[in-house]
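Here it is: the structure, laid out below.
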Amino acid sequence: MVQKTKVAQHKPKGYHKNTHTGVIVAVIFILAALATAGILAFINRDKIFNNTSTNETQEEPDKKQQKNDNSQDKTEANKQIPETREEEKPSVAPYDGKDPNTLSEITGVISFAGISEGDFIVTAALDQALGASGSCKFTITHGADPAIISSVSTSAGPTTSFCTYSIPATSISSGHYNINIEISTDSKKGIINGEVDI
């Protein structure tokens, strides 16, 4: 029978020294790297701080310049708004220019054409104060359908007149409509044209 014997393994004499020596060398290397980084940072501290302060000082004037530009833009926009509003005013202002009532023909615009509260409505706003003495003849066409023709009296406004035609919306079909309104009094006439899609 063969007996097994335990063989003691012995480590070489310098083994513990080599392990400690590697750790010590690594620590020294790390400390040297940190020291070098610290020295470089100390040497270049002026450059680092000058770049930061320069960037900050450049950003501040830029922001101030932007604020000044924005305020100038707003001021210019505010100056332009009144001019635009003046241009949007009616061409004939009260006591300025020719009185529409002295014109040789009746003028106006279609102020509304469309469906409202279940009715198809067309309203003409006239520039002249005709009262109830005028009449409006509405001719409304839609493709090949028969024309809708109706006459109504004008209604009085304070300084103008208007006339309105309405029909239940269920009695018309959708599509494109051409509108012609002939306005007349004993002495004057006028025509307003327009169109609407229903």
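Of the residues Ser153, Ser161, Ser187, Ser173, which is under 26 Å from Ser104 (Cβ atoms), out of contact with any strand residue (DSSP E or B) (no Cβ under 8 Å at 6 or more places or on another chain) and polar (S, T, N, Q)? First the steps, then the outcome.
Details: Ser153 fails: out of contact with any strand residue (DSSP E or B) (no Cβ under 8 Å at 6 or more places or on another chain); Ser161 fails: out of contact with any strand residue (DSSP E or B) (no Cβ under 8 Å at 6 or more places or on another chain); Ser173 fails: under 26 Å from Ser104 (Cβ atoms).
Only one candidate qualifies: Ser187.
Still on this structure, please answer the following. Could you tell me which of the residues Ala144, Ala129, Ala113, Ala125 is free of Cβ contacts under 8 Å to residues at least 60 places away in the same chain and part of a strand (DSSP E or B)? Let's see the steps before the verdict.
Values: Ala144 fails: part of a strand (DSSP E or B); Ala129 fails: part of a strand (DSSP E or B); Ala113 fails: free of Cβ contacts under 8 Å to residues at least 60 places away in the same chain.
Every option except Ala125 fails the conditions.
Look at the range 85-138 and say how many of its residues are at positive phi, out of contact with any strand residue (DSSP E or B) (no Cβ under 6 Å at 6 or more places or on another chain) and at pLDDT below 85.
Residues in the range 85-138 being at positive phi, out of contact with any strand residue (DSSP E or B) (no Cβ under 6 Å at 6 or more places or on another chain) and at pLDDT below 85: 2 in total.
Here's another thing I want to ask about it. Within the range 120-141, is even one residue touching a Lys or Arg at 6+ places or on another chain (Cβ under 7 Å), under 26 Å from Pro100 (Cβ atoms), surrounded by fewer than 16 Cβ atoms within 10 Å (Cβ to Cβ) and of a type outside the set (Val, Ile, Thr)? Give the derivation first.
Within the range 120-141, the first condition is being touching a Lys or Arg at 6+ places or on another chain (Cβ under 7 Å), and the residues that meet it are none.
Within the range 120-141, not a single residue is touching a Lys or Arg at 6+ places or on another chain (Cβ under 7 Å), under 26 Å from Pro100 (Cβ atoms), surrounded by fewer than 16 Cβ atoms within 10 Å (Cβ to Cβ) and of a type outside the set (Val, Ile, Thr).
In the set Lys67, Lys74, Lys79, which member is loosely packed, with under 10 Cβ neighbours inside 10 Å, at pLDDT below 65 and not assigned by TED's automatic domain parsing to the domain that holds Ile183? Give the derivation first.
Working: Lys67 fails: loosely packed, with under 10 Cβ neighbours inside 10 Å; Lys74 fails: loosely packed, with under 10 Cβ neighbours inside 10 Å.
Selected residue: Lys79, the only one of Lys67, Lys74, Lys79 that is loosely packed, with under 10 Cβ neighbours inside 10 Å, at pLDDT below 65 and not assigned by TED's automatic domain parsing to the domain that holds Ile183.
So, one more: Scan the range 177-198 residue by residue and report those that are buried (at least 16 other Cβ atoms within 10 Å of the Cβ), within 19 Å of Gly134 (Cα to Cα) and among the hydrophobic types (A, V, I, L, M, F, W, C).
Listed by number, the residues that qualify are Ile179, Ile181, Ile183, Ile192.
Further, regarding this structure: Out of the residues in the range 165-176 meeting the condition of being surrounded by fewer than 17 Cβ atoms within 10 Å (Cβ to Cβ) and in a strand (DSSP E or B), tell me which one is nearest to the chain's Cα centre (by Cα).
Taking the candidates together, the pick is His176.
The values are calculated or read from the model by the stated rules, or taken from the named source; none is laboratory data. Just so it is clear, the model here is predicted, and its values are computed rather than measured. Don't worry about glycine lacking a Cβ; one is built from the backbone with ideal geometry, like all the others, and counts go over all protein chains shown.
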